[in-house]
Amino acid sequence: MTSIIQFADIHFGVEDQEAMGCVKACIEKLEPDIIVICGDITQNGSDAEFKSAHDWIKTLNGPKLITPGNHDTPMYGLIERFTRPFAKYKKWIEPLSVPHFTNSDVTILPYNSSRGWLFGFDWSLGAVNLKDMAKLTDEVKRLSQGGVEMIMAHHPLIYPEMSPLQKLTKNGPETLKYLSHRNVDVVLTGHVHVPFAIERQPNETEVISIGAGTLSTRRRDKPASFNHISVDQKMIKVSAIDFTDGKFLTTETFSKRVDALNSRRPLKPSNERDVGYDKLS
Ligand SMILES: [Fe+2]
């Protein structure tokens, strides 16, 4: 069995200090094989926040797989935001991340869905470059040892109905269709600050989307939380671990047999026009 801890949106600078004071002891009991951190590691993208994040992540045992969020670009440095949006992330956090994780149960690769700026007024939105996603998926296939295949990013590709935040990730729906066509099984994300696990998206792509909550004080009517995911040759199980009344409590939120995954069933005929594969060739 492979034990995965999924963190997102810790937002160092406005982290929930009580929850953060207890989380390390909690995750050590779960004996993670890999810890994934799905972005928004800091609140304002400052050196001081990144240093705090760096020092804390370094105390966690075992490999970490990390991708930045929109808050990991400089909030107050417009020139740096345009010219070197991820310079501080690369200095403080990137060296702590492994490039990928793979064993016979699971393969996970990271994708950066955050941008220093985007056309339009809302730079917090995510975006996917479809050609980059095609290359990343090729890499998933090259590294996979036959286990469950996962991609992690900060932004959900489409927002679940229960999310208090409803936005559009650029090329998100197209990416979900593409990942479904390539038989990638799971997308791990953050950004909405509430945990969720959904199997079937409104456009019937059958990619499982698993979002982690937040360990910050920026909560949306849910307690501070993170996810624990266990994967073996038979089952995927997802639990949200909520910080309530001074302790972490586990609730299993989703499970699925591996042999029932879309990728284990016979390939469907592709519908290339629908997916827009002309953009990827
Ligand atoms: Fe966030």
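The values are calculated or read from the model by the stated rules, or taken from the named source; none is laboratory data. These figures come from a predicted structure and were not determined experimentally. Quick reminder, even Gly has a Cβ in these numbers, built from the backbone with ideal geometry, and neighbours come from all protein chains shown. Keep in mind that these areas ignore ligands, DNA and RNA; they rest on the heavy atoms of the full protein, side chains included. Shrake-Rupley method; radii C 1.70, N 1.55, O 1.52, S 1.80 Å.
The residue that is farthest from the ligand (Cβ to nearest atom), among those in the range 38-51 that are assigned to a helix (DSSP H, G or I) and surrounded by 21 or more Cβ atoms within 10 Å (Cβ to Cβ), is 50. Evaluating residue 104 against the criteria (1) under 30 Å from residue 260 (Cβ atoms); (2) of a type outside the set (Phe, Trp, Tyr); (3) out of contact with any Gly (no Cβ under 6 Å at 6 or more places or on another chain) leaves one unmet condition, (3). Those helices (runs of 4 or more DSSP H) of the range 72-174 in which 1 or more residues are more than 24 Å from residue 209 (Cβ to Cβ) and either in contact (Cβ under 8 Å) with a residue 24 or more places away in the chain or not β-branched (Val, Ile, Thr) (or both) occupy 78-83, 87-92. State whether the residues of the range 84-103 include one that is away from the ligand (no atom under 16 Å from the Cβ), among the polar types (S, T, N, Q), open to solvent by less than 60 Å² (accessible area, probe 1.4 Å) and over 17 Å from the mean Cα position of the chain (by Cα). So far as the range 84-103 goes, yes, one or more of its residues are away from the ligand (no atom under 16 Å from the Cβ), among the polar types (S, T, N, Q), open to solvent by less than 60 Å² (accessible area, probe 1.4 Å) and over 17 Å from the mean Cα position of the chain (by Cα). Per the conditions (1) in contact with a Cys (Cβ under 8 Å, 6 or more places away or on another chain); (2) modelled with pLDDT under 95, the sole criterion not satisfied by residue 77 is (1). Please work out if residue 65 is among the aliphatic types (A, V, I, L, M), away from the ligand (no atom under 16 Å from the Cβ), modelled with pLDDT of 95 or more and out of contact with any helix residue (DSSP H, G or I) (no Cβ under 8 Å at 6 or more places or on another chain). Answer is yes for this residue.
For the range 223-243, the count of residues that are more than 16 Å from the ligand (Cβ to nearest atom) and of a type in the set (Lys, Arg) is nonzero. Among the residues of the range 52-83, those identified as open to solvent by 40 Å² or more (accessible area, probe 1.4 Å) and closer than 15 Å to residue 118 by Cβ are 78, 82. Of the residues screened, residue 35 is one that is modelled with pLDDT of 95 or more, in a strand (DSSP E or B) and either more than 20 Å from the chain's Cα centre (by Cα) or closer than 15 Å to residue 97 by Cβ (or both). Residue by residue through the range 146-199, note down the ones that are within 15 Å of the ligand (Cβ to nearest atom) and aromatic (Phe, Trp, Tyr). Listed by number, the residues that qualify are 159, 196. Taken as a whole, the condition of being touching a helix residue (DSSP H, G or I) at 6+ places or on another chain (Cβ under 8 Å), modelled with pLDDT under 95 and surrounded by 23 or more Cβ atoms within 10 Å (Cβ to Cβ) does not apply to residue 107.
Here 217, 250 are screened, and the one residue that is among the hydroxyl-bearing types (Ser, Thr, Tyr), within 16 Å of the ligand (Cβ to nearest atom), open to solvent by 40 Å² or more (accessible area, probe 1.4 Å) and within 22 Å of residue 15 (Cβ to Cβ) is 217.
Among the residues examined, residue 134 does not qualify as under 25 Å from residue 255 (Cα atoms) and either modelled with pLDDT of 95 or more or crowded, with 24+ Cβ neighbours inside 10 Å (or both).
Scanning the range 1-32 for residues that are part of a strand (DSSP E or B) and either within 16 Å of the ligand (Cβ to nearest atom) or of a type outside the set (A, V, I, L, M, F, W, C) (or both) yields 2, 3, 6, 7, 12, 15.
Going by what's in this entry, would residue 79 be described as more than 16 Å from residue 188 (Cα to Cα) and β-branched (Val, Ile, Thr)? Considered against the rule, which asks whether it is more than 16 Å from residue 188 (Cα to Cα) and β-branched (Val, Ile, Thr), residue 79 comes out as yes.
For every residue, the table says whether it meets (1) open to solvent by 10 Å² or more (accessible area, probe 1.4 Å); (2) on the phi > 0 side of the Ramachandran plot.
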| site | (1), (2) |
| --- | --- |
| 153 | no, no |
| 174 | yes, no |
| 178 | yes, no |
| 185 | no, no |
| 191 | yes, yes |
| 223 | yes, no |
